[in-house]
Structure formats: C-alpha cells, structure tokens
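The values are calculated or read from the model by the stated rules, or taken from the named source; none is laboratory data. Here the structure is a predicted model, which is why all the values come from computation and not from measurement. FYI the Cβ positions are ideal-geometry reconstructions off the backbone, even for glycines, and counts take in every protein chain you see. Ligands, DNA and RNA are stripped out before the accessible areas are found, and what is left, the full protein with its side chains, is counted by its heavy atoms. Shrake-Rupley method; radii C 1.70, N 1.55, O 1.52, S 1.80 Å.
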Amino acid sequence: LIVALVLVNIFLSVFFPKADQMLLPLAGLLSGIGVLMALRTGPDLSPPDPTQGTRQLLWVILGLVAFIVTIVLLKNVRWLKQYRYILLVIGILLLLASVVNAFRVRDFNSPTHDQLNFGPFSLQPSEFLKIILVIVFAGFLSERRDFFGGHDVRFGFLHIPVPRVNELGPLAIMLGISLLIFLGIRELGLALLIYGIFLCMIYLGSGKLTYVVSGLLMFAVLSFAGYTLLSHFHIFSYVGERFQTITFNIVDWQHWTQADEFFAENAGLQVVQGIIALSSGGILGAGLGLGHPTFVPVVQSDMIFTGLGEELGLAGLFGIIAIYLLILYRGYRIAMQTADPFNQLLAAGLTSIFAIETFIIMAANMNFFPLTGLPLPFLSYGGSSLLANYIIIGILMRISHDTAMTKAREGSE
C-alpha cells in the first residue's frame, strides 16, 4: 500500500503538480487504517475470514487506479455537465436492477443492501449514483441560478420563502427516489444519504437555509406518517427496533428487566456491543490487536468506528475525526477557489457526501442516531465504496488542478 501511494504521488507531482497536495495523503492514511483493521478483524470473525485484509488492500489499489483514470480522462470537467442526464439514466437503471434483486428476498422485516452480483464480484449501484446525483444537481443549479427565487409569504414577523410551482418537480422526484430506495432495497441509510445530498445542493445553489429547514420538516412529517403506517401493518419492523435502540438504557444494565436483556441480546445486540467496545477503549485504547472488536456484529463495515474506538481509544478517534475534517476543509476550499459555478457546486456537493456519510455512521455507532448501512468513507470494508470515494477524490483534484492552471495563465497574461 505504501509503495502504491508513493508511486501515485510521484505521478501527480510530475503530471499534476498544481493539484491539491493534501487530499490524496489524507485519503491514503484513512485507507491504510482501514486495511489494518480488515487484516486485524478478519481472522477473529465468526466464521473466520483470513483473506479479508488482502481483499481490502486489493480494493484500495483498484481505488487508486480509478483515481488515476478519473484525473487523467477528465480533461474537461464540464464534460460531466454536458452528459449528466445520460449518467443519471445509467445510474437509475442500475438502481432499479438492484431494487428488483432486493425483492427476491421475501423477508420484508430485515434490511438488504443494494447489491448486484457479477460472478465472484459484487457492485453497489448507490455508491456511484450519489456521485451522479451531485453532477446532475450541480449542472441544473448552475444553469438556473434564479431557480429558487420564489417569493416570501409573511406570517407575522416570519418570512417564509415559497418556491414557484415548477420548483416542486425536482423536490418530488428526489422524495420519490428516497422512498423507492427505502421501500425497495429496505435500507434507511441510502434514503437519508440521497435526501441529505439533495438538501445540501439546494442550500449551495440557493444560499437559503429556510429551504433546508422546510425540506427537513417535510421529510420528518412524511417519515413519521410512513413509519406509523408501516408499523400498523407490521412491515419493516427492523426500523422500529433501530429507533427503539436509541432510547434503550445501555448504561444501567444492572437494572435490566428480562425484556431488556432479550432486546440487548437480539435486536439491540449490534449497538449495545458497540457502546461497550467504545467504553472499554477508554482514552488511549487497548492497542491495535489487543481488544475484542469482533464481539460487535459486522464490526468490519457498519460498526468500524466502535472497533477503532476500542483499540485506539478516544484519542485515536479524535485523530480520525480530525482527518475527516481536513478532507472536508480541503474539498470546500477547492470549491471556493474555482470561479466556475458548475465546478463550485460540484466540488462542494461531492465534499458534502463525505460529510453526510461520516456524520450519519459515527452518530449511529455512538447511539445518537438509528443505525444505517452506510459505510464510513475509506475505513469500512467494501469495494464499491472505496472505488466511488477515490473517484470523488480524483474529480476534486482535477478541479483544483484546472483552477490553478487557469489562474496561472491569467497571471501570465
């Protein structure tokens, strides 16, 4: 892995010296920690998976290849804007194929992942659809800067912006996609991610926080209505169990009732064991390889944050959070430096993907939020996520390189 990262860095220094020099080392550092944890947890899983770390290493190297292909072939970022609807059709077709595949599972009370199998390989279309959605929204909003002008309706001292009728179309489409994913693939995290991307792009394009607040209120009302309806018909009961876990008192285990013990050993097992792992890690952690992170179900992907907390401690988690914050800072900095509206929205939207995913999964691992199936960028085990994230890094670095070259030409003139 170190050799691969050094070679890619030499390649960038020769051919793209003006690109952001911080993003790739930060992503590589997180990927290295992810490979270490995959190597460390694989043999202790039940059943054991001794090749898990090797596969994760292979996916990281393939991600670096995808990064190089992206930054080399994307000679004109505006090409993405021109062909955004073709990309959207491809992404939706892949997602629909995943939905059809999910319906083959007859148990609607358990979540499934959007996964398409191709022989020994598998692909998660949603990991690439999130990139396509940002491209589509960036292209749409950059062409219609006054799209969210609307007018204000006054209620006393409140001024509430009301969008024009033609603005409701994209909102309805995004709500429909979110519900389609939730109902079809039965994965709460994907619906949250897509709607979160939508709200971020709305704010970035309009600059009005009130649109985000009203969108969140609308989502909350519809979610509550849908949750009540599904609970009445006893469909997707796992969602109710995940919300129940948030209110479950894990600390006061000495006063658990028999029902509490049953819940902690069944529906709440993953989160309960995760909280125990975090608490046992303390400030400095047990040390890499000296804890018991595999007591937490699916620790290699959904609960990787708790495994890191047990072995690296609170200090290690602060370090990891700092790396993510640096990635977000560099991404938004790239967006601020470019003058092209499409590049601005694209860079900020892609960076927001990292922010949303990191927030949701960290909050869920600490039992502040219902557990979702989203991966922690660069750290969680899985190939599709790594490939998509390195493609995002490639696009961001291409934008930063093009921006620097444009400023250099303008300065010489």
Next on the checklist: Would you confirm, using the coordinates I've provided, whether ASN389 is over 13 Å from the mean Cα position of the chain (by Cα) and open to solvent by less than 10 Å² (accessible area, probe 1.4 Å)?
Outcome noted: no
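Quick grid of which residues meet (1) aromatic (Phe, Trp, Tyr); (2) in a helix (DSSP H, G or I); (3) open to solvent by 10 Å² or more (accessible area, probe 1.4 Å):
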position: ILE320; (1), (2), (3): no, yes, no
position: PHE342; (1), (2), (3): yes, yes, no
position: ILE361; (1), (2), (3): no, yes, no
position: THR406; (1), (2), (3): no, yes, yes
Next on the checklist: Which numbered condition in (1) within 25 Å of LEU192 (Cα to Cα); (2) modelled with pLDDT of 95 or more; (3) crowded, with 21+ Cβ neighbours inside 10 Å is the only one that LEU30 fails?
Outcome noted: (3)
Item to check | Meets criteria (at pLDDT 85 or above, crowded, with 17+ Cβ neighbours inside 10 Å, part of a helix (DSSP H, G or I) and hydrophobic (A, V, I, L, M, F, W, C)) for VAL35 | outcome: yes
Checklist entry - Restricting the first residue to the range 392-413 and requiring it to be touching a residue at least 60 places away in the same chain (Cβ under 8 Å), which pairs with a second residue that is surrounded by fewer than 24 Cβ atoms within 10 Å (Cβ to Cβ) and among the basic types (Lys, Arg) meet a Cβ separation below 7 Å and a spacing of at least six or different chains? => result HIS401/LYS18; ALA404/LYS18; MET405/LYS18
Checklist entry - Can you name the number of the only condition in (1) without any contact (Cβ under 8 Å) to a residue 12 or more places away in the chain; (2) over 18 Å from GLY32 (Cβ atoms) that ALA388 fails? => result (1)
Checklist entry - Applying the selection to the range 332-350, what residues are within 20 Å of ALA388 (Cβ to Cβ) and small (Gly, Ala, Ser)? => result ALA335, ALA347, ALA348, GLY349
Next on the checklist: Looking at the range 392-399, can you tell me whether even one residue there is within 30 Å of VAL271 (Cβ to Cβ), modelled with pLDDT of 90 or more, in a helix (DSSP H, G or I) and under 10 Å from the mean Cα position of the chain (by Cα)?
Outcome noted: no
Checklist entry - Residues in the range 278-293 that are more than 23 Å from the chain's Cα centre (by Cα), closer than 10 Å to GLY307 by Cβ and part of a helix (DSSP H, G or I): how many? => result 1
